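Visitor: Sharing a structure, written as structure tokens. Questions coming.
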Amino acid sequence: MHPDVQDAFDIARRDFRSCITEHGILAGRHHLNFYKARNAMFASLGANSMGEFTASWKSIELFLSMQRDDGLIPHRITSKLKPHYHHLVTEPLDGNALVIIALRDYLDKANDLQFIEKNFKSAKKAIEWLRGHDTDRDLLLEEPFFAGWQETILKSGKVLYSNCLYFKALKDFAVLANAVGEEKVSEEYERLARRVSEQINSKFWQGNYYCDWIGAIKHDSFSTDGNVLAALFGIADREQSQMIQNKIRQHQLNKVPLQANYPMYPFWRIPPGLLAVDAYNYHNGSSWFWIGCLNSIALSNMGLRKEAKQELKTIARLIKENGSVHEVFLHGKPIKSVFLKSEPFYSWNSALFLKAVNEV
């Protein structure tokens, strides 16, 4: 292992383990000292890669234990274990998809079928809740504002990021169903996943990348999150995945791996209240290690091992330089303003860096 990567790996492992509690994985240890579904579920993938299975299953169990009767899991759980199901006025979609993905990964790595059997009904309720958000019956999910990970950007409709996670959740639920002996259910969800993949390619593909989201019109900005997930999950074929990588290099989005979007979203897509607290760049032109780490795995899966390792080295040097795994970067530095500061012990980034190093 490259010395920079080894040093960063040790820092990331320290930061990640500092976020593990008796209940699961916290988002961070400073101003993000709470449990957040997308953070915890993505982080559980890194926990599994490290053999930290207790942290993984406790996180999954925490969120499923507070699942609402209609199937929605909490968006956030406070450090005092109070669940919150909304972000502002909406119910985020990605937590429900990610809990299914986390369950499948846990099954693969820990081989704990008993845990899957115990939680299968909850998993089914979670995936059925997601299916209910295909309001126009075209197999793709529609979401309101603030229902994805880019919570400071005004997007609504069919969002690439959420639909890629939906595809993966359908595929993974099919595996879970088969594992507990529900063969017909498994076949149904495998068929549905294939059809969703076809629809993503039919409606989002622009010829050399997938568009960001489809509302009243098609918004053809380039979002690295959904494009990387499409390559990683196999929605994109080899040729499409190569085109996505070309797009990333063309706009130098991997200079700090990876910049979230290109071009910048206009100021009117940021709620005015967030502009007042310097949040314009939080999800807009900023860089997030979790996307870079997943892209490194995607590159490796494509056989581009040199490029994959280089992406990890770039991340590793930034981790070493700052002495911790930060949440979000702008122009190569952790975001820091009067009202907005990057979380220095960030479990989502830390865990996925550990996963990427182990796999690449």
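The values are calculated or read from the model by the stated rules, or taken from the named source; none is laboratory data. Computed from a predicted model, the values in this text were never measured in an experiment. Glycine gets a Cβ as well: all are built from the backbone with ideal geometry, and neighbour counts include every protein chain shown. To get the accessible areas, we keep the full protein, side chains included, count just its heavy atoms, and leave off ligands, DNA and RNA. Shrake-Rupley method; radii C 1.70, N 1.55, O 1.52, S 1.80 Å.
Visitor: Hey, what's the stretch 1-76 come to in accessible area per residue, 1.4 Å probe, Å²?
Guide: Normalised by residue count, the accessible surface of the stretch 1-76 is 37 Å².
Visitor: Rank-order 268-275, 167-174 by packing density, defined as the average count of other C-beta atoms within 10 Å over each peptide's residues, highest first.
Guide: 167-174, 268-275
Visitor: Which whole-number percent is the relative contact order of the stretch 1-103 (Cα, under 8 Å, 6+ apart)?
Guide: Reported as a whole number, the value is 24 percent.
Visitor: A follow-up question, please. How about the stretch 116-148: which trypsin sites (Lys or Arg not before Pro) there are in a DSSP loop, with at most 13 other Cβ atoms within 10 Å of their Cβ?
Guide: In loop regions of the stretch 116-148 (DSSP not H, G, I, E or B), the sparsely surrounded trypsin sites (Lys or Arg not before Pro) are R137.
Visitor: Filter K155/K309; K80/K333; K36/K155; K82/K320; K80/K124; K218/K333 down to the pairs with a C-alpha to C-alpha distance above 24 Å, please.
Guide: K155/K309; K80/K333; K82/K320; K80/K124; K218/K333
Visitor: Further question on the same structure: Let me check I have the definition right: for the stretch 275-343, take the eigenvalues of the Cα gyration tensor, multiply each by 5, take square roots. What are those semi-axes in whole Å, largest first?
Guide: Values: eigenvalues 143, 35, 11 Å².
Each semi-axis is √(5λ); the values are 27, 13, 7 Å.
Visitor: If you roll a 1.4 Å probe over the stretch 220-312 with all protein chains in place, what percent of the accessible area is carbon or sulfur?
Guide: On the stretch 220-312, the fraction of accessible area on carbon and sulfur atoms equals 53 percent.
Visitor: Once the other residues with Cβ under 12 Å from the Cβ of V196 are scored (Lys, Arg +1; Asp, Glu -1), what is the net sum?
Guide: Local charge sum for V196: +4.
Visitor: Using the Cβ atoms and a cut-off under 9 Å, what net charge is assigned to the surroundings of Q206, where Lys and Arg are +1 and Asp and Glu are -1?
Guide: Neighbour charge sum, excluding Q206 itself: 0.
Visitor: At 20 °C and a viscosity of 1.002 mPa s, what translational diffusion coefficient does Stokes-Einstein give for the stretch 227-353, taking Rh as the Kirkwood radius over Cα pairs? Give it in µm²/s as a whole number.
Guide: Translational D for this selection: 141 µm²/s.
Visitor: On to the next question. Under DSSP H, which helices of the chain have Cα atoms covering 24 Å or more of the helix axis and a Kyte-Doolittle average no less than 0.5?
Guide: Qualifying helices, which must be both long enough and hydrophobic enough, are 160-179.
Visitor: Also, I was wondering about something else. Considering only A55, H86, C293, whose Cα is most displaced toward the positive end of the charge dipole of the chain, charges sitting on Cβ of Lys, Arg (+1) and Asp, Glu (-1)?
Guide: C293
Visitor: In addition: Around W288, what is the net charge, scoring Lys/Arg as +1 and Asp/Glu as -1 over all other residues with Cβ under 10 Å from its Cβ?
Guide: -2
Visitor: What dipole magnitude, in Debye to the nearest 20, does the chain give about its Cα centre under +1 on Lys/Arg Cβ and -1 on Asp/Glu Cβ?
Guide: Working: 44 positive and 41 negative charges, 142 e Å.
Here the chain has a charge dipole of around 680 debye.
Visitor: So what does log10 I(q)/I(0) come out to for the stretch 120-170 at q = 0.21 Å⁻¹, using the Debye formula with one equal point on every Cα and no solvent?
Guide: The Cα Debye sum returns log10 ratios of -0.76.
Visitor: Moving on. What three numbers, in Å, describe the spread of the alpha carbons of the stretch 48-186 along their principal axes, ordered from the longest?
Guide: Here the spans come out as 40, 39, 29 Å, largest first.
Visitor: What does the convex hull of the alpha-carbon atoms of the stretch 1-114 project to on average, in nm²?
Guide: So the mean shadow area of the Cα hull is 8.1 nm².
Visitor: State, to one decimal in nm², a quarter of the convex hull surface area for the C-alpha atoms of the chain, i.e. the direction-averaged projected area.
Guide: 16.4 nm²
Visitor: Let me ask something else. Please report, in whole Å³, the volume per residue of the convex hull around the C-alpha atoms of the stretch 18-61.
Guide: 58 Å³
Visitor: Using alpha-carbon pairs under 8 Å, 6+ residues apart, how would you state the relative contact order of the stretch 262-360 in percent?
Guide: Worked out over the stretch 262-360, it gives 32 percent.
Visitor: Quick one: give the max-minus-min coordinate of the C-alpha atoms of the stretch 216-301 along each principal axis, largest first, in Å.
Guide: 42, 30, 21
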